[in-house]
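Okay, so here's the structure we're looking at.
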Amino acid sequence: MADRAYRAAPADTLRIEPLGELTAIFDRRSMQTHLVVSPVPEILDAMGADACTPAHVAERLAALFDMESAEEAQPILAERLSELAAMGLVERA
């Protein structure tokens, strides 16, 4: 089974504000504010406007951060992307 692809919400629909260790993400479409911690903001930033699988996100994050293996991060990213989809911050592509 191929990895499920996701697309981040359009950047103009989210207001992202760092608050120390937390980040507030206000979704203008749902009028909800989500309080998240790292790596959620980094995942959304790495996705950009592209449809991404967990493997794509892992590769992009590995290029930005000192990660020994992008492959090891893929199952964790699959879980995070599924959670972000449930929150409405990403959608299945």
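Taken together, the values in this text are just the output of simple stated rules run on the coordinates, not laboratory data. For clarity, every value in this text was computed on a predicted model and none was experimentally measured. Quick reminder, even Gly has a Cβ in these numbers, built from the backbone with ideal geometry, and neighbours come from all protein chains shown.
Odds and ends about this structure:
- Qualifying trypsin sites (Lys or Arg not before Pro) in segment 27-61, DSSP loop, other Cβ atoms within 10 Å at most 13: ARG28, ARG29
- Rounded to 10°, Cα long-axis angle of helix 70-87 versus longest principal axis of the chain: 30
- Identified option (computed P(r) over Cα pairs in 5 Å bins from 0, in percent; candidates (1) 2, 14, 23, 19, 13, 11, 8, 5, 3, 1; (2) 2, 12, 20, 18, 13, 10, 8, 6, 4, 2, 2, 1, 1, 0, 0; (3) 3, 14, 26, 25, 19, 9, 3, 0): (3)
- Candidates MET31, MET47, MET67, ranked by Gaussian network fluctuation over the chain, Cα under 10 Å, top entry: MET31
- Qualifying GluC sites (Glu not before Pro) for the chain [loop in DSSP, other Cβ within 10 Å: at most 15]: GLU21, GLU68
- The distance between label points at SER82 and THR13 comes to 2.2 nm (points 7 Å beyond Cα on the Cα→Cβ vector).
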